[in-house]
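Nothing in this text is a laboratory measurement; each read-out follows from the coordinates by a stated rule. Remember, it's a predicted structure, so these values are computed and weren't measured experimentally. Every residue, glycine among them, receives a Cβ derived from its backbone with ideal geometry; neighbour counts consider all protein chains shown.
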Amino acid sequence: GFAILNGKIIDRSEAKVDIEDRGYQFGDGVYEVIRVYNGKMFTAVEHLERFVKSSNSIGISLPYKTAELSGLLEKLIDKNNLQLGIIYMQLTRGVAPRNHAFPTERITPTLTAYTKEFARPDESMKTGVKTILTEDIRWLRCDIKSLNLLGNSLAKQKAAEAGCFEAIQHRDENVTEGSSSNIYIVKNGVVITHESNNLILKGITKDVILDLCLANNIPVEERTFTLEELASADEVFLSSTTSEVMPIVGIGDKKVTEGQPGPVTKKLQKLFQQEIE
Ligand code: PDD
């Protein structure tokens with residue numbers, strides 16, 4: 001297959017980065033995961049805007065116009081003949097002798113991207129998934145989609161070791177988000193999810209879901225909710241680019257919605273399905 005390295009589409013096996021790339025040494029960079037359905041990027045503009053926002057917030061300026069980048073990604077999808085999958089794209093500050101402070105000389109940021117075939121999680125979307133709870137030990141700029149994913153990775157590993165799909169993170173009593181997803185509860189018909197501030201990533205899928213709620217008279221509250229509210233919720237679900245609207249049917253040893261996806265979750269799955277057709 002093919003990959004993008006610094007604006008060029010080249011053979012995947014030729015795409016190599018220097019050992020002193022700051023992304024490799026410091027996690028000094030940002031990334032995006034974009035869904036591809038039927039050979040087309042889903043919510044491409046939103047992802048590209050977030051990519052620019054993330055990179056600007058750590059002082060890296062994207063050396064391409066977003067339209068240019070979007071065209072390049074479309075070409076990559078074509079060349080790799082991708083119908084259903086994802087694009088992974090990342091931008092690092094670039095290559096420089098190791099020093100925590102940014103290099104004083106201008107360096108070119110390293111842009112890489114590749115595609116991967118990735119089916120929709122049809123089976124789990126029907127049955128729902130199990131989760132565990134874990135303390136959110138990450139930094140205070142979780143709104144930046146940065147390459148520093150150690151906290152997320154440790155949380156996901158804990159879930160994996162417990163045979164679970166996702167770890168639900170909380171800061172003391174407050175639920176923040178999953179290790180790679182946003183978390184929602186439903187109580188008395190109201191969808192509740194953490195407000196988009198510095199403690200969570202503002203999911204593109206979250207924005208799609210909140211718009212769907214608005215358009216379909218499903219009441220929404222974007223606010224912090226507690227572990228207690230999570231435990232007594234009628235329904236719980238998560239969302240992400242790869243997981244779409246995913247029912248949560250277990251948290252630790254506790255069953256949610258009697259181990260079945262709930263009605264509001266199923267309604268949102270149906271509405272989301274219509275968005276991607
Ligand atoms: N993860 N929160 C975190 C911490 C995430 O890493 C992600 C996405 C989300 C959901 O965002 P979106 O709906 O825009 O995908 C929330 C991607 C898919 C990943 O790291 O693979």
Say whether the condition of being more than 20 Å from the chain's Cα centre (by Cα) and basic (Lys, Arg) is met by at least one residue in the range 81-96. yes
Does Asp234 satisfy the criteria of being surrounded by fewer than 16 Cβ atoms within 10 Å (Cβ to Cβ) and either out of contact with any Lys or Arg (no Cβ under 9 Å at 6 or more places or on another chain) or under 19 Å from Val256 (Cβ atoms) (or both)? no
Specify the residue that is nearest to Glu195 (Cα to Cα); the eligible residues are those in the range 216-247 that are assigned to a strand (DSSP E or B) and of a type outside the set (A, V, I, L, M, F, W, C). Glu222
Using beta carbons and a limit of 7 Å, which pairs, at least six apart or on different chains, have the first residue in the range 256-271 and of a type in the set (A, V, I, L, M, F, W, C) and the second one surrounded by 15 or more Cβ atoms within 10 Å (Cβ to Cβ) and in a helix (DSSP H, G or I)? Leu268/Ile209; Leu268/Leu212; Leu271/Leu212
Just one of (1) touching a helix residue (DSSP H, G or I) at 6+ places or on another chain (Cβ under 8 Å); (2) buried (at least 20 other Cβ atoms within 10 Å of the Cβ) trips up Glu173, so point out which. (2)
Out of the residues in the range 147-176 that are away from the ligand (no atom under 11 Å from the Cβ) and among the basic types (Lys, Arg), state the one that is farthest from Thr241 (Cα to Cα). Arg171
For the range 53-88, name all the residues that are outside any loop (DSSP other than H, G, I, E, B) and closer than 17 Å to Pro109 by Cα. Lys53, Ser54, Ser55, Asn56, Ser57, Thr66, Glu68, Leu69, Leu72, Tyr88
Which of the residues that make up the range 22-40 are surrounded by fewer than 19 Cβ atoms within 10 Å (Cβ to Cβ) and either without any contact (Cβ under 8 Å) to a residue 40 or more places away in the chain or not in a loop (DSSP other than H, G, I, E, B) (or both)? Tyr24, Gln25, Phe26, Val33, Tyr37, Lys40
State yes or no: is Glu229 farther than 16 Å from Glu244 by Cβ, out of contact with any Ser or Thr (no Cβ under 6 Å at 6 or more places or on another chain) and more than 14 Å from the ligand (Cβ to nearest atom)? yes
Tell me the residue from Glu74, Glu123 that is more than 16 Å from the ligand (Cβ to nearest atom), of a type in the set (D, E, K, R) and touching a strand residue (DSSP E or B) at 6+ places or on another chain (Cβ under 8 Å), please. Glu74
Go through the range 111-130 and report how many residues are within 30 Å of Asp28 (Cα to Cα) and buried (at least 21 other Cβ atoms within 10 Å of the Cβ). 3
Tally the residues that are surrounded by 13 or more Cβ atoms within 10 Å (Cβ to Cβ), more than 16 Å from the ligand (Cβ to nearest atom) and under 27 Å from Val36 (Cα atoms), restricting the search to the range 177-226. 0
Is one or more of the residues making up the range 132-139 of a type in the set (Lys, Arg) and either touching a Phe, Trp or Tyr at 6+ places or on another chain (Cβ under 6 Å) or away from the ligand (no atom under 15 Å from the Cβ) (or both)? no
